[in-house]
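Take a look at the structure below.
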Amino acid sequence: MNKISEQQMAHAEKQQKMWESMINSMTPHERETPEVLASTPSRRRRIARGSGRKELDVSNMIAMFTQMRSRMRDMSKLMKMTGAQGKSQWDAVFFCIRIGIMSAGVTL
């Protein structure tokens, strides 16, 4: 089983700080309903300026958020399908985590 390297960890921490600065530049309404960001370029530009990032960075964060939200919904559905019986539920969780990690470039 491969482990996450120091370089991958450093990249993830850097990305988290970047996202945090962008999120802190959002209004409470934008945090609650991120769909408005996907449909309003002027909001993305304002967030990019406020966080010292490029508009592309904000767009990428929104896309990643949308993708992760979709995966979490799928995981929730999968867990409901497998029932609330101990191990099968955890198998579903680990399966979804493994898929998420692999799509980020880390192999298990």
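The values are calculated or read from the model by the stated rules, or taken from the named source; none is laboratory data. Everything numeric here is computed off the predicted structure, so don't read it as measured data. Using ideal geometry, Cβ is built from the backbone for each residue, glycine included, and neighbour counts are taken over all protein chains shown.
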**OP:** May I ask you to list the residues in the stretch 47-70 that are modelled with pLDDT under 90 and surrounded by 15 or more Cβ atoms within 10 Å (Cβ to Cβ)?
**Re:** PHE65
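If I filter the stretch 1-35 down to residues being assigned to a loop (DSSP other than H, G, I, E, B) and without any contact (Cβ under 8 Å) to a residue 24 or more places away in the chain, which single residue comes out as nearest to THR66 (Cα to Cα)?
Narrowing the stretch 1-35 to residues assigned to a loop (DSSP other than H, G, I, E, B): 1-5, 25-27, 33-34.
From what is left, the residues that are without any contact (Cβ under 8 Å) to a residue 24 or more places away in the chain are 3, 5, 26-27, 33.
Details: LYS3: 27, SER5: 26, MET26: 16, THR27: 18, THR33: 11 Å.
So, considering only residues that are assigned to a loop (DSSP other than H, G, I, E, B) and without any contact (Cβ under 8 Å) to a residue 24 or more places away in the chain, the one nearest to THR66 (Cα to Cα) is THR33.
For (1) charged (D, E, K, R); (2) at positive phi; (3) in contact with a Leu (Cβ under 9 Å, 6 or more places away or on another chain), each residue gets a yes or a no:
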residue	(1), (2), (3)
TRP19	no, no, no
MET22	no, no, no
PRO28	no, no, no
PRO34	no, no, no
ARG43	yes, no, yes
ILE47	no, no, yes
GLU55	yes, no, no
